[in-house]
1. For region 440-473: of the residues being of a type in the set (Lys, Arg) and outside any helix (DSSP H, G or I), which is nearest to the ligand (Cβ to nearest atom)?
2. Condition first: away from the ligand (no atom under 13 Å from the Cβ) and more than 17 Å from Asn436 (Cα to Cα). Now tell me which residues in region 327-354 satisfy that.
3. Name the pairs whose Cβ atoms lie under 6 Å apart, with the first residue in region 127-148 and at negative phi, the second polar (S, T, N, Q) and in a strand (DSSP E or B), and 6 or more positions between them or separate chains?
4. Please return the ranges of helices (runs of 4 or more DSSP H) entirely within region 528-621 where 3 or more residues are under 30 Å from the mean Cα position of the chain (by Cα).
5. Restricting the search to region 141-162, which residues are more than 15 Å from Val288 (Cα to Cα) and modelled with pLDDT of 95 or more?
6. Only one residue in Leu654, Leu641, Leu670 is of a type outside the set (Ser, Thr, Tyr), more than 23 Å from the chain's Cα centre (by Cα) and in a helix (DSSP H, G or I), so which one is that?
7. Taking helices (runs of 4 or more DSSP H) that do not extend beyond region 229-312, which have at least 2 residues that are modelled with pLDDT under 95 and of a type outside the set (Asp, Glu)?
8. Can you list residue pairs whose Cβ atoms sit under 9 Å apart, with the first residue in region 400-425 being within 23 Å of Val470 (Cβ to Cβ) and the second being assigned to a helix (DSSP H, G or I) and among the aromatic types (Phe, Trp, Tyr)? Count only pairs 6 or more apart in sequence or on different chains.
Amino acid sequence: MSASDLPGAFGPFRLEARASGVAVLWFDDPARKVNLFDGAALAALRRALDTIKRRADAAFPRALVLTSGKEGQFIAGADVAEFERIESPADAETRIRDAQLLFEEWGSLPFPTVAAINGPCLGGGTEFALALRYRIASDSRDVSIGLPEVQLGILPGFGGTTRLPRLIGLIPALSMLLSGRALDSRRARRAGLVDDVLPAARFAERAVAWTESLLAAPRPPRRSAPSLINRFMQSVPPFRAYALGQARQSVLRETHGHYPAPFEILRVVGATWGKSIPEALKIERKAVAKLLFTPQSRHLRRIFMLRERAKRVPSADKARRITYTGVLGAGTMGGEIVSLLSVRDVRVRLRDIKPEPILRSLAHARSLLQREVSRRRLTSAEMERALARIEPSLDLAGFRRVQLVLEAVVEDLNVKQTLFRELESQVSPTCVFATNTSSLSVGAMAKGLAYPERVVGMHFFNPATRMPLVEVIRAEGTDPAAVDTVIALTRRLKKTPVLVRDQPGFLVNRILMPYLAEAVGFVERAQSAPVIDKALRDFGMPLGPLELLDEIGMDVARKVAHVLSEAFGDRIPSLALIDRMVSDGALGKKASLGFYQYENGTRRGVNPAIAALATSREQVPAAEIADRLVDAMVNEASLALDDRVVDDPNDVDLAMIMGTGFPPFRGGLLRHADAVGVGTIVERLARRQQAGAPYGPSGRLQRMALAGERFHERELQERTTGHAPSEAAALSSR
Ligand SMILES: NC(=O)c1ccc[n+]([C@@H]2O[C@H](COP(=O)([O-])OP(=O)(O)OC[C@H]3O[C@@H](n4cnc5c(N)ncnc54)[C@H](O)[C@@H]3O)[C@@H](O)[C@H]2O)c1
């Protein structure tokens, strides 16, 4: 084979010969937006390799560059949907071994091989790049290089767990493997993960030229020298054991032992350090084959796919592209939402009736964006441009050209109705009216307007810049095009939308409130607040329910609770204590006093008045506390399904994970209910009702228990579009 007869296409790969003797292997899957390693792509990669190996002309190629034909996209990882087709750990091991061997063979070709990374390089993409001899990256912000497998409950099995520590050192590799966090090109270079960083403009050509210069003046791949302390830690066995032990402790603290994957990563890295590559790869693949079949990994993969499904943006003919918005109310929520919008290229007119909140919001937006600059996710110039997109205003002048308004004013139906009516005369007839209300009826807000069909709920969670969920609320008569426009905007803000019907409390707050009320009920029945919180943290919630109430604020919670108790009566049992706390000024963290006391935002023990309530010497067992609170959520979710707030139990699972941090390893609220057994939950709810609880199991739950039904009959199987590193990180951090 010579340059002239080098064959062209291998599935999504294309080999191109350059006169200099450099071959370019382009990866561009026409069927997908991102490149993924699925079975077909790996088979094509094998054919390309075999063809190169069979070449007649040993002098060609002299070097090979792997890059992506997709602008700003390298290789997003393995196809997670295909994992579901793996039949057994033995089947997994065979498949993984084949991929390991394939990558190993590419890396052992007798000429320099270079991965030229022009975008997200994740999971299998990083593992392939690690197997090649050199890695270079573009300086584009699109580049992120990482191994996010831990977020799917597995470890990198195509050689990543073996090769990363050998390339960048044990301690930095552990930090990447355990967090799943990706590095930008500058950080990747500093870590020794890439040999060089080149300008993004005409990157592929520069990568070829870089490789040609390598041929002219051969140089060994760059190895970063680990710091003295890291070198010491990794090479002296007792210190290595100590470092691994410390990492184990920190994983235990963070995960409460709920996730097996990080512990396996530690075990595999410890066991493979110093071993030959083939020996290490064997240990690695056995571990990942086992992890793939843990319930935790199944759940995390399912959530990943649900999020991919939620990413689908409505077609452009229905959804309008929003470039100019108005935000009304520059308080807690409005102040955060403006920075989300402005950073995504959306102009915002920010209106409040008072100047102070506007000034506070502008300062807050600056500090939020400044943080992005310091994390190198934004340049200073981009920050300034984003801030310049925010136009402060004390009246509604200048709203005529705005395409969407989002109101985030006080939670008062009258105020919101009056505002929308006033707005109608100031904006164009096509302007979408979005409301961030947490509990008021979207339909009621639309009443009396000339165009009521344009009103949609767009319910962000607090803090809006961090919480990944937005409930998009469709009222009776809402125009589907307005809903689609809000969904598309939500996606552009990198949030996960869940479409819900206009019912009191929508979905998340409605399900959460009985849970919080049960916790307050335990306090009223003389149980200790820290014991209750710990029980739920041990269950896997990021915060205990009383800690969460302190964060939300008793006044805010009370408002929502009253709306819900008006709608649902008995199921929101304990409001007396919350009412009392509001009148005592124990509003939560913002008042330095709630269920706990705070000093400069740091918790300092239990509020003495709350501690005094805990007089019961008979502590309810932690498991019983958790069951009671979680059962209350399952019961309410079943009623929300009856009311068709959503139709798909998967939406409940996704919304509760994204909106409340319900433990992802349990797969979501209703997946958890299936695991416990609906019959068991019904029995417990019925028993509590007999013992005096104000409500028992819902009709739906009882029918399901009798028929032996589950919420989820089948596993979700869908094609995915690749990893979403930022969101996956958000998922794991919740
Ligand atoms: N805080 C939360 O946790 C949270 C979470 C989700 C949704 N929400 C909802 O978001 C909305 C705002 O809540 P918040 O916590 O940001 O309230 P906030 O009290 O912090 O801010 C409200 C702001 O609206 C301003 N305002 C009042 N009337 C106005 C008008 N006619 N035009 C323009 N501005 C006006 C006030 O001056 C104030 O700055 C509420 O509907 C609330 O239910 C709040």
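1. Looking at residues that are of a type in the set (Lys, Arg) and outside any helix (DSSP H, G or I), I get Arg466.
2. Ser342, Val343, Arg344, Asp345, Val346, Arg347
3. Leu132/Thr113; Arg133/Thr113
4. 529-539, 545-552, 554-568
5. Step one: list which residues in region 141-162 are more than 15 Å from Val288 (Cα to Cα), which gives 141-146.
The answer is Val143, Ser144, Ile145, Gly146.
6. Every option except Leu641 fails the conditions.
7. 237-255, 295-311
8. Qualifying pairs under 9 Å: Val405/Phe420; Glu407/Phe420.
The values are calculated or read from the model by the stated rules, or taken from the named source; none is laboratory data. Predicted model only: the values in this text are computed from it and were never measured. Heads up, the Cβs are rebuilt from the backbone with ideal geometry, glycines too, and the neighbour counts pull from every protein chain shown.
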